[in-house]
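The values are calculated or read from the model by the stated rules, or taken from the named source; none is laboratory data. Since we're looking at a predicted model, the values are computed, not measured. Positions of Cβ are backbone-derived with ideal geometry, glycine not excepted, and every protein chain shown enters the neighbour counts.
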Amino acid sequence: MDTERREGIEINIRKLVFACLDKWWLIVLCAILAATAAGLFTAKLIAPKYRSTVTFYVNNAEGYEQVNYISSSSLSAAEQLVNTYIGIISTDTVLEKVGQQAGGLSAAQVRSCMSAQQVTETVLFRVSVSHTNPVVALRIARAAEEVMPDHLTTIVEGSSTKVVDQPKLAKAPYSPNIQRNIVLGGIMGSMLAILIVALMYLLDVRIKDEEDLNAISKYPVLGQIPEFMVEETKGSETKKTKEKGAQA
């Protein structure tokens, strides 16, 4: 019984695959239309964003202290300070000072376009500013570069922060990624077409061949009428029509 059931499932899957292959043109058409729509939507309706980034180095010694060597314990302590620094620069106090330095922006405005994250397993952290105007993004990043090191050193005693990489004016937007959205649109369109074809196949209960008849009846097929040609005479023209056979 289990063997027959597995065979029936395999036959259904095989037919489903052939049904999808038979409608390949529909799948390709849906993929092209969806990819085109995704590309147009991305290019016309999504505003491009530009990013300026400043990178800081964290040291658990004050800036004026002379350090002859850096031990692993010092690096570990500095690495733990990074998360503390990221939490401090996210406060309203720091963001308000950055906003004032950037031209009178509020803390909420700065927070909406600024993010900070630690560079993986290092004593560096990166502050990124994203904005639809590259000049505004650069201005906020430069304000963060000027305000944050002194403010962090004042709050966290016995430590220092230095700028490693200064912010630059973005020449091209980093978002949205039109090529990626076009590819994703094409994939989603083809998957939607495959789903439609699969549903059409599964909802079609017509008997088309001997396998469909055996699936719903326990009686064997005694005979089958083959396909044959029928000639239709209409005026001076003779037309041949193929008539499909049936099982009995």
- Out of (1) assigned to a helix (DSSP H, G or I); (2) at pLDDT 90 or above; (3) in contact with a strand residue (DSSP E or B) (Cβ under 9 Å, 6 or more places away or on another chain), the one Ala116 does not meet is (1)
- Query: In this structure, is Arg126 among the basic types (Lys, Arg), surrounded by 13 or more Cβ atoms within 10 Å (Cβ to Cβ), at pLDDT 90 or above and within 13 Å of Arg51 (Cβ to Cβ)?
  - Reply: yes
- Per the filter on the range 118-144, residues among the small types (Gly, Ala, Ser) and in contact with a Pro (Cβ under 7 Å, 6 or more places away or on another chain) are Ala141
- Message: Consider the range 103-112. How many of its residues are within 18 Å of Arg126 (Cβ to Cβ) and buried (at least 18 other Cβ atoms within 10 Å of the Cβ)?
- Response: 1
- Query: Residues of the range 137-173 being surrounded by fewer than 19 Cβ atoms within 10 Å (Cβ to Cβ) and of a type in the set (A, V, I, L, M), which ones?
  - Reply: Ile155, Val156, Val163, Val164, Leu169, Ala172
- Note on the structure: Of the residues in the range 120-151, those that are part of a loop (DSSP other than H, G, I, E, B) and closer than 13 Å to Lys171 by Cα come to Thr132, Asn133
